[in-house]
Amino acid sequence: MEERMERQEEMEIDLGTLLWNFLKGLTRFWWLVILLALIGSAVLYVKNSRFYTPMYRSEASFTVMTGGNEDNVGTGSYNFYYDSSTAGQLAKTFPYILSSSLLTNAIKADLGVESINGSISAQAVSDSNLITMTVTSSDPKDAKEILESAIRVYPEVSRFVIGDTKFNMINVPAEPTEPYNKPSYTRKVIKGALIGAAAGLFFIALYAFFRKTVQTPDELKAVMNLTCLGNIPELKAKARRKQTARKLSILDKNLSARFKENILSIELKAERELAEREGKMLLVTSTVSGEGKSTMAVNLAYAAAAHGKSVLLIDADLRKQVDRRLLSDQEGDGLYSVIRGKTELRQAVEKDPQSGIHFLCGNLPVRRVTAALNHPRLRETLEQVRSVYDLVILDTPPAEMFEDAALLAEYADGILYVIRHDFVQKRRILDGIAGLEESGTPIFGYAFNGVPLHKGRYGYYGYGRYGYGRYGYGYYGHYGYGEEKGQG
């Protein structure tokens with residue numbers, strides 16, 4: 001039953017979210033629409049210019065009359081007449097005779113050719129004996145000659161079906177001067193462009209439909225019992241560029257007040273949860289890279305210090321180690337050096353003079369991470385700092401990518417999960433959280449990061465896109481802090 005409910009939840013489609021995803025996909029993949037439009041117009045232009053075969057059409061209109069016997073039938077004299085029954089008979093038999101091999105062979109014999117370079121069709125006006133015969137051919141001269149021959153031989157061929165016939169010509173065959181299928185290249189190009197653009201929009205619609213990212217807390221509320229501790233606002237584009245250059249920090253006076261208020265609120269809630277459990281160690285993680293967990297961890301440390309707590313921030317993401325770049329321009333020893341016994345804990349811990357927080361952060365990625373996390377000195381180190389500080393924050397790798405967060409969760413008293421708006425699929429978030437729950441450490445809730453203004457009741461702006469990148473272990477990007485471009 002639970003699996004069925006989960007599948008049903010996955011299949012539910014919010015039209016507003018779908019439209020938002022489509023517009024977002026259009027903003028991101030607008031070039032695909034233009035590219036496919038250009039390709040479509042080029043394909044139809046080439047098809048109609050290089051593979052175009054001019055066709056010519058010759059037409060003739062005439063009335064058909066059938067012969068009636070007189071008393072002097074032996075003399076070969078006939079009266080030709082028309083009535084409604086004759087019209088019905090003509091309408092039925094004319095197409096049959098045109099498609100028969102008798103007529104085709106008669107035309108070949110009349111023209112002295114082995115094959116007919118054209119096709120013959122005829123249309124009878126309803127309830128009349130008026131016939132329009134048409135011949136289409138790739139050669140204008142052949143079109144006229146075939147039509148003239150068909151008119152000549154038809155009476156003889158139809159004689160065995162409807163008796164003697166006589167044609168009274170209204171419009172005689174003429175040799176066409178230009179092809180009837182002359183293409184309109186402008187129209188074809190426009191048609192190809194529209195087809196290509198429609199294909200591009202179709203692919204973007206598919207992208208929007210299958211983009212199962214989390215865009216509101218309500219989407220998670222229906223599938224997991226986890227509290228949203230706060231919404232981190234998205235910065236406007238101009239402010240985002242400025243803040244990225246200075247590193248996102250609540251200590252920055254120019255930073256959005258909403259950003260600061262929500263960080264402070266989340267820290268107070270997490271601190272309250274720890275106090276209820278008489279705990280001191282908070283683990284911060286996310287599902288994947290780029291959701292803002294490192295920036296969250298650093299700013300939570302700033303917020304706790306602002307509340308009068310003695311705080312230690314530990315960069316436990318040994319595979320990447322970027323927190324130091326958010327705090328200091330100097331190199332230093334981190335948790336790995338302490339675990340390996342290369343540096344004493346009191347020497348490795350540094351203090352940030354501006355915020356007053358202490359931090360244990362290295363600056364180089366570690367290769368043998370699993371061995372380090374299973375080293376007995378890790379427990380000793382964490383127990384030691386637990387006895388000294390009011391709050392210890394562990395910034396760990398993303399939960400989906402490695403087991404590091406789950407291993408470190410065994411030492412923590414609580415977990416704060418960071419989820420970035422419209423960034424990760426719901427299924428992946430649930431898998432990441434499920435892996436952490438196996439450790440037995442309570443997950444206090446999640447911070448919903450990068451919430452834009454358009455989400456209305458969820459209320460704010462957020463980090464946004466600028467400054468996030470792929471996880472890139474061993475690579476620190478061009479800005480010298482954060483995850484590739486910046487925020488961890």
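Computed from the coordinates by the stated procedures, all read-outs in this text should not be read as laboratory data. If you're wondering where the values come from, they're calculated on a predicted model, not measured in any experiment. Cβ placement follows ideal geometry from the backbone for every residue including glycine, while neighbour counts extend to all protein chains displayed.
Cα centroid distance between region 175-211 and region 382-456, in Å?
50
For Arg368 and Asn181, what does the FRET efficiency come to when R0 = 51 Å and r is the distance between their Cβ atoms, rounded to the nearest 0.05? Numbers along the way, then the final one.
Numbers: r = 74 Å, r/R0 = 1.45.
For R0 = 51 Å, the calculated efficiency reads 0.10.
Counting only other residues whose beta carbon sits under 14 Å from that of Ile146, what net charge do I get with K and R as +1, D and E as -1? Show your work: numbers first, answer last.
Values: positive: Arg57, Lys108, Lys141, Lys144, Arg152; negative: Glu59, Asp110, Glu114, Asp139, Asp142, Glu145, Glu148, Glu175.
Overall, the nearby charge balance is -3.
Between the DSSP loop rule and a limit of at most 14 other Cβ atoms within 10 Å, which trypsin sites (Lys or Arg not before Pro) in region 277-333 are left?
Details: sites: Arg277, Lys280, Lys293, Lys309, Arg319, Lys320, Arg324, Arg325; in loops: Arg277, Lys280, Lys309, Arg319, Lys320.
Within region 277-333, the qualifying trypsin sites (Lys or Arg not before Pro) (loop, at most 14 other Cβ atoms within 10 Å) are Arg277.
Residue separation times 0.36 nm, minus the C-alpha to C-alpha distance between Asp164 and Ile39: what's the value?
39.2 nm
Taking 20 Å as the cut-off for C-alpha to C-alpha distance, list the pairs among Lys108/Lys182; Lys47/Lys188; Lys269/Lys293; Lys24/Lys212; Lys24/Lys191 that go past it. Provide the component values of the computation, followed by the final result.
Details: Lys108/Lys182 29 Å; Lys47/Lys188 10 Å; Lys269/Lys293 17 Å; Lys24/Lys212 13 Å; Lys24/Lys191 26 Å.
With Cα atoms farther than 20 Å apart: Lys108/Lys182; Lys24/Lys191.
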